[in-house]
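Only one structure is covered here, and it is reproduced in the block below.
The values are calculated or read from the model by the stated rules, or taken from the named source; none is laboratory data. Since the model is a prediction, treat every value here as computed from it, not as a measurement. Cβ sites come from the backbone with ideal geometry, for glycine too, and all protein chains shown count toward neighbours.
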Amino acid sequence: MPAVVPQGIEDDLKLLKSAAVHAGIIALGFFRTELRTWTKNVTSPVSEADIAVDHFLIGALRGARPDYGWLSEETADSPARLESQRVFIVDPIDGTRGFIKGEDSWTISLAVVEVGRPIAGVVYAPVRDEMYVAGLGLGASRNGVPMRVEGPAPASPIIPAPAAVHNELAAHGVDHVPGPAYPSLAYRLVQVAAGTLDAAVARRGAQDWDIAGADIILTEAGARFEDVCLGTPLYNGSDTRHAALAATADASLLSPLRDALRVVYGCPQSQPDAQNR
């Protein structure tokens, strides 16, 4: 754990937590109602709730920190964020498909990133009343209770993943249980920090806003999290996409997870300097 906590992180965490709670109240007002929904980028669902929450978060977060940059799934991107020392990276509703279906594990995912790495993060699941929080050097917690991964997984670790990844893990001799497929990637990842899952994966193409909040929570809880092609994920680059991702509380699972994901999803043909992704 770093000896020096970055300046202002405690205040940033208070801001993120407050914004997440209020955003959750807004989202719950739309939950399990007759929503207006549409698609973007051909296949990605979006709802009026996503937009309402995004508008609130812009006002609450940028209003409090106008010098911070902004990157959100539901806001048109601006290169101005690349010039900011600190940046908010936001997914107003992570797991929109599940939200639209009335499932309960969708989240609001918020992070502050500095020099490519998250230094504060909140993943909040309003329906389940679960708030996961971490700050660099401050540790990770769920609903105020500290979280720290316990090390080696049991004989049959719980690893939710697509069938092709399960097959590759089995081929590598990893005896495991498939586990639940939560629609929110952020929620799935923080379950590794919480000890509910022994590992979690993401296919190639996850965006900064899907994972930045969960990243700092995993890291501060002592879990391992990596882009299997480029290593430690970096954020707020010109390209916000990532290769396949693996999170685990057991370091011995990282190598077979890495190998399985590389076989199933491959790596980008061109792997530019990570700071420019």
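Structure notes:
- Filtering the stretch 100-140 to residues that are out of contact with any Ser or Thr (no Cβ under 7 Å at 6 or more places or on another chain) and more than 19 Å from residue 12 (Cβ to Cβ) leaves 101, 102, 103, 104, 126, 127, 129, 130.
- Residues of the stretch 94-122 satisfying the condition of being over 14 Å from residue 53 (Cα atoms) and assigned to a helix (DSSP H, G or I): 97, 98, 100, 101
- Look at (1) within 24 Å of residue 11 (Cα to Cα); (2) in contact with a strand residue (DSSP E or B) (Cβ under 7 Å, 6 or more places away or on another chain) and you find that residue 202 fails only one, number (1).
- Just so you know, in the stretch 161-188 the residues that are part of a loop (DSSP other than H, G, I, E, B) and crowded, with 18+ Cβ neighbours inside 10 Å include one that is modelled with the highest pLDDT, and it is 184.
- The set of residues in the stretch 97-113 being touching a helix residue (DSSP H, G or I) at 6+ places or on another chain (Cβ under 8 Å), surrounded by fewer than 23 Cβ atoms within 10 Å (Cβ to Cβ) and β-branched (Val, Ile, Thr) is empty.
- Residue that is nearest to residue 112 (Cα to Cα), among those in the stretch 1-59 that are part of a loop (DSSP other than H, G, I, E, B) and aliphatic (A, V, I, L, M): 5
- Filtered residue count, the stretch 119-143, keeping only those that are over 19 Å from residue 95 (Cβ atoms) and either touching a residue at least 24 places away in the same chain (Cβ under 8 Å) or in contact with a Phe, Trp or Tyr (Cβ under 6 Å, 6 or more places away or on another chain) (or both): 9
- Every residue from the stretch 141-175 that is over 27 Å from residue 129 (Cα atoms) and either touching a Ser or Thr at 6+ places or on another chain (Cβ under 6 Å) or hydroxyl-bearing (Ser, Thr, Tyr) (or both): 156, 175
- Residue ID - nearest to residue 75 (Cα to Cα), chosen from residues in the stretch 40-65 that are at pLDDT below 95 and in contact with a strand residue (DSSP E or B) (Cβ under 8 Å, 6 or more places away or on another chain): 40
- Residue count for the stretch 235-277, restricted to those that are crowded, with 22+ Cβ neighbours inside 10 Å and at pLDDT 90 or above: 14
- Count of the stretch 195-225 residues which are buried (at least 21 other Cβ atoms within 10 Å of the Cβ) and closer than 19 Å to residue 149 by Cβ: 17
- Within the stretch 57-76, considering residues that are more than 22 Å from residue 183 (Cβ to Cβ) and in contact (Cβ under 8 Å) with a residue 24 or more places away in the chain, the one surrounded by the most Cβ atoms within 10 Å (Cβ to Cβ): 61
- Residue in the stretch 19-38 that is over 21 Å from residue 183 (Cα atoms), in the same structural domain as residue 100 (by TED's automatic domain parsing) and free of Cβ contacts under 8 Å to residues at least 60 places away in the same chain present: yes
- In the condition set (1) closer than 22 Å to residue 137 by Cβ; (2) outside any strand (DSSP E or B), residue 88 is compliant with all but (2).
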